[in-house]
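What follows is one structure encoded as structure tokens, with my remarks underneath.
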Amino acid sequence: MPKQIPCLWMNGTAEEAAKHYLSIFPNSSIDQITRYGPDMPPPMEEGDVLTVDFTLDGQPYTALNGGPQFPFSEAISFQIVCKDQEESDRYYDRLVDGGEESMCGWLKDKFGVSWQVFPEELIQLTNDPDPGRAQRATQAMLQMRRIDMAEIRRAADSVSV
């Protein structure tokens with residue numbers, strides 16, 4: 001399969017965003033910065049950053065300073081499937097800082113990029129072979145902003161009388 005590289009259309013914040021993400025994800029790097037040259041169309045000026053190619057823990061990305069025409073929306077998000085609650089909370093806290101929470105582990109970071117952050121155990125519980133347990137876990141998750149696995153486990157294991 002050919003390499004897939006997400007390209008994030010930014011409005012003048014490509015380098016700032018890349019550096020921010022590098023501060024959050026381990027084993028990350030800025031790989032290349034391309035600048036606007038002479039006689040290039042707006043919105044930027046000669047010497048301004050056009051693109052930043054960067055890698056977050058092995059996954060390549062490109063951030064493009066393309067202007068304000070195409071803002072981010074929740075229609076596209078990046079999932080971070082974490083090993084446990086502690087790791088999930090760490091990524092969630094860093095990414096939501098300056099941004100905003102949504103529901104079910106979703107958030108928008110300060111650049112408007114949508115992320116879903118949750119422990120891998122969430123997938124196991126919401127897909128439990130016991131349909132009642134899976135349903136209770138899912139219902140608990142749907143009430144949350146940040147995912148709280150202790151609460152989801154409690155709900156999944158509760159039995160109505």
Seminar exercise, completed: Residues of segment 125-143 being in a helix (DSSP H, G or I), surrounded by 13 or more Cβ atoms within 10 Å (Cβ to Cβ) and not basic (Lys, Arg), in sequence order, are 125, 126, 134, 135, 137, 138, 139, 140, 141
For this session: Please find, among 57, 39, the residue that is outside the structural domain of residue 114 (by TED's automatic domain parsing), more than 17 Å from the chain's Cα centre (by Cα) and acidic (Asp, Glu).
Result: 39
For this session: Provide a single number: the residues in segment 73-110 that are surrounded by fewer than 19 Cβ atoms within 10 Å (Cβ to Cβ), under 18 Å from residue 19 (Cβ atoms) and among the hydrophobic types (A, V, I, L, M, F, W, C).
Result: 1
Seminar exercise, completed: Within segment 146-161, the residues that are touching a Leu at 6+ places or on another chain (Cβ under 8 Å) and under 19 Å from residue 83 (Cα atoms) are 147, 149, 152, 153
For this session: Mind listing whichever residues of segment 86-121 are assigned to a helix (DSSP H, G or I) and of a type outside the set (Ser, Thr, Tyr)?
Result: 86, 87, 89, 90, 93, 94, 95, 96, 121
For this session: Being acidic (Asp, Glu), touching a residue at least 12 places away in the same chain (Cβ under 8 Å) and within 22 Å of residue 12 (Cβ to Cβ) is the filter here, so list the residues in segment 94-137 that pass it.
Result: 97, 109
For this session: Only residues that are closer than 14 Å to residue 51 by Cβ, part of a loop (DSSP other than H, G, I, E, B) and of a type outside the set (A, V, I, L, M, F, W, C): list them for segment 1-35, please.
Result: 6, 11, 12, 13
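The values are calculated or read from the model by the stated rules, or taken from the named source; none is laboratory data. Computed from a prediction, not measured in an experiment: that's the story for all the values here. Neighbour counts run over all protein chains shown; Cβ positions are idealised from the backbone, glycine included.
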